[in-house]
Amino acid sequence: MDNFTLTHEEDSLFRDETRVTAGSAARSREGPRPCGTSTCEHAEEALSSFLQHKAFAPQKRKPYFMAEDKPPGPILKPLVFRVDDSTPKMVQSVLLERGWDKFDEGEQNVEDWNLYWRTSSFRMTEHVNIKPWQHLNHHPGTTELTRKDHLAKHLKHMKKMYGTPLYEFIPLTFIMPKDYNKFVAEYFREKHVLGAKHSYWICKPAELSRGRGIIIFSDIKDLIFDDTYVVQKYICNPLLVGRYKCDLRIYVCVTGFKPLTIYIYQEGLVRFATEKFDLSNLQNNYAHLTNSSINKSGLSYEKIKEVIGHGCKWTLSRFFSYLRSWDVDDLLLWRKINHMVILTVLAIAPSVPFAANCFELFGFDILIDDNLKPWLLEVNFSPALSVDCSADVSVKRKLIHDTIELIYSQGLRNERMECRDGAKGSRSVSLAKLDMGRLNKACSALSCESLLQLTGRTFKDESAVKKAIKICPENKHASQPREMTSRKKDLLLSTKEPPKTKPKLKGRHSTHKTLIPFMSLIQSCVGKTSISPCLPSDNSKVPDLQAGNFVLIFPFNEATFGASRNGLNVRRIIQELQKLMNKQHPHMAEKEAKRR
């Protein structure tokens, strides 16, 4: 007989059938009968009767989702996501993978969706009319950070208000045509100082992306613009990997501006130019621009390049592993990036209008120079989620999974059950609980990554990596083998022997062999900076410290926790951040003292 499993209800029915059949047989007999094969026959007869009953009895269908594994309660429908033509295919794929349903305008009520994810921003009326169970993937007013001219204006204001040393991660910037005269004055001043040496500038359209319309020039005669552009000092001493220029794509999720709550993603992408860096040829975009949309069309894209290998992307973990192989203090670099992100978001936070139930996923583009100083290039609205290579697959798919986890574990932890009890009876159970069951199945590969991070070991320790992967729970997720294979491949690549020629790295720092780079301010600083010891009595208002690979970087202590919830006291926040930065890299304190 085939193996089968009985439910509690079926088991009870089977026992009743057995008792009835056995009782009838006993009553038809005269006198006691010895225990033997007849008992088995009665059992088989009972089982046959039970199976026949089960085959023709009406079947009760189990609900699609139940509120945890407890006695029957409210029936939960799958979560519903809404999209338009601009929604990335990867987002739709991941949500379907997690068990969500796609919204059908023809068959469903206009309010019968939980998440609306699209590339373009939403109108303010859409934010105003949002329901308690719904989320939008954009916050109003964030183009103030993602338009290059607006970003330059806000950062210039912050630099003036709080000092140059704090905002020294911004290249000298002019907004055209408004600042044209100022730029000309600076251009000729530098030319007089440098003499025969060249100064280098980069000109970018304020609203375009993917490297379109960018020119790099040394002679002012080559400067051409017909709209709003930004002209910046070109960083002509970038950190080169195998003589190729690169920049970092860092993902940041702001789950709210009032109160301000910022998470940074602990994995990301490193994008390479596909031809060797050369200041003598400023017109070669394949040597000076790192946008993958440009480089994937170049002749060198498919070639195996020195150190970099095939293509034009690495994962961030592989890049940090490479830096550690040259005794670079990657933890210090990661802290600087954390600070840069907080200071940048603070530049627009006070002016962003309040809107409930929305979040913003930003893509920060950061260049590292050969002094290991990070420079902010730009902030991207709706960062690209297309897939061009294995690095994209391993990073972006998990990024979307973790974004959903972050929103539905942190954003709905304070859930509006009262609102939903009255508004949508069957929806009264927290969406966070509903989604977490799916999350455990869909993201166990991410648990493995988190485990690697918590071990405090570098990726060089291959045995530790294998051990960590082995003890991860089995993943039933359909794409798990592909994701885990890609992850293992990245880990193994990071253990390869470094090239014989060391990269040009000025000002190297002492290494931290027992630390990994992916640590937030909370994890990497002294325990006193954590917000955990100073939680208010109402813990429901405290953001989660971590969700998947997202780690909370703001607020980072009790003072900033309070200052972000009482009208956003930017000056107080800046003071706290300055203290933290002075502790972590003392040269900041020296510069500030000289300025005063």
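The values are calculated or read from the model by the stated rules, or taken from the named source; none is laboratory data. Remember, predicted model here, so these are calculated numbers, not experimental data. Cβ coordinates were reconstructed from backbone atoms using ideal geometry, including for glycine residues, and neighbour counts include every protein chain displayed. Just the protein is used for accessible areas: all its heavy atoms, side chains included, with ligands, DNA and RNA removed. Shrake-Rupley method; radii C 1.70, N 1.55, O 1.52, S 1.80 Å.
General observations
- Filter pass, LEU269 being within 23 Å of the chain's Cα centre (by Cα), crowded, with 16+ Cβ neighbours inside 10 Å and within 30 Å of LEU323 (Cβ to Cβ): yes
- Of all the residues in the stretch 365-396, those that are of a type in the set (Lys, Arg) and open to solvent by 10 Å² or more (accessible area, probe 1.4 Å) number 1.
- Scope the stretch 118-168; condition in contact with a Phe, Trp or Tyr (Cβ under 6 Å, 6 or more places away or on another chain) and among the aromatic types (Phe, Trp, Tyr); matching residues: none
- Residues satisfying the stated conditions in the stretch 321-364, i.e. in contact with an Asp or Glu (Cβ under 9 Å, 6 or more places away or on another chain), in a helix (DSSP H, G or I) and open to solvent by 10 Å² or more (accessible area, probe 1.4 Å): SER351
- Options SER280, SER292: the member that is without any contact (Cβ under 8 Å) to a residue 12 or more places away in the chain, assigned by the TED database to the domain that holds ALA356 and among the hydroxyl-bearing types (Ser, Thr, Tyr): SER280
- GLY106 being outside the structural domain of LYS221 (by the TED database), open to solvent by 10 Å² or more (accessible area, probe 1.4 Å) and either at pLDDT 95 or above or small (Gly, Ala, Ser) (or both): yes
- All positions within the stretch 236-266 that are under 23 Å from SER300 (Cα atoms) and either among the hydroxyl-bearing types (Ser, Thr, Tyr) or more than 20 Å from the chain's Cα centre (by Cα) (or both): CYS236, ASN237, PRO238, LEU239, LEU240, VAL241, GLY242, ARG243, TYR244, LYS245, CYS246
- Residues satisfying the stated conditions in the stretch 127-141, i.e. open to solvent by 10 Å² or more (accessible area, probe 1.4 Å) and touching a Ser or Thr at 6+ places or on another chain (Cβ under 7 Å): GLY141
- For beta carbons closer than 6 Å, sequence separation of 6+ or different chains, a first residue in the stretch 301-323 that is free of Cβ contacts under 8 Å to residues at least 12 places away in the same chain and of a type in the set (A, V, I, L, M) and a second that is assigned to a strand (DSSP E or B) and open to solvent by 40 Å² or more (accessible area, probe 1.4 Å), there are no qualifying pairs.
- Pairs linking a residue in the stretch 186-201 that is assigned to a loop (DSSP other than H, G, I, E, B) to a residue that is open to solvent by 30 Å² or more (accessible area, probe 1.4 Å) and at pLDDT 90 or above, with Cβ atoms under 8 Å and 6 or more positions apart or on different chains, are HIS198/LEU279; SER199/LYS233; TYR200/LYS233; TYR200/CYS236; TYR200/LEU279.
Here's the yes/no breakdown for (1) open to solvent by 60 Å² or more (accessible area, probe 1.4 Å); (2) at pLDDT below 90; (3) closer than 21 Å to PRO132 by Cα:
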position	(1), (2), (3)
ALA67	no, yes, yes
PRO72	yes, yes, no
ILE75	yes, yes, yes
PRO78	no, yes, yes
SER86	no, no, no
VAL94	no, no, no
ASP101	yes, no, yes
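- Within the stretch 223-245, considering residues that are over 22 Å from PRO374 (Cβ atoms) and in contact with a Cys (Cβ under 9 Å, 6 or more places away or on another chain), the one most open to solvent (accessible area, probe 1.4 Å): ILE224
- GLU267 assigned to a loop (DSSP other than H, G, I, E, B), of a type in the set (D, E, K, R) and touching a residue at least 60 places away in the same chain (Cβ under 8 Å): yes
- Just so you know, in the stretch 80-122 the residues that are assigned to a loop (DSSP other than H, G, I, E, B) and of a type in the set (A, V, I, L, M, F, W, C) include one that is nearest to THR143 (Cα to Cα), and it is PHE122.
- Among the residues of the stretch 273-320, those identified as in a loop (DSSP other than H, G, I, E, B), small (Gly, Ala, Ser) and closer than 18 Å to ASP388 by Cα are ALA273, SER297, GLY298, SER300, GLY311.
- Selection status of TRP334, at pLDDT 95 or above and out of contact with any Pro (no Cβ under 6 Å at 6 or more places or on another chain): no
- Residue within the stretch 145-162 that is in contact with a His (Cβ under 8 Å, 6 or more places away or on another chain) and surrounded by 15 or more Cβ atoms within 10 Å (Cβ to Cβ) present: yes
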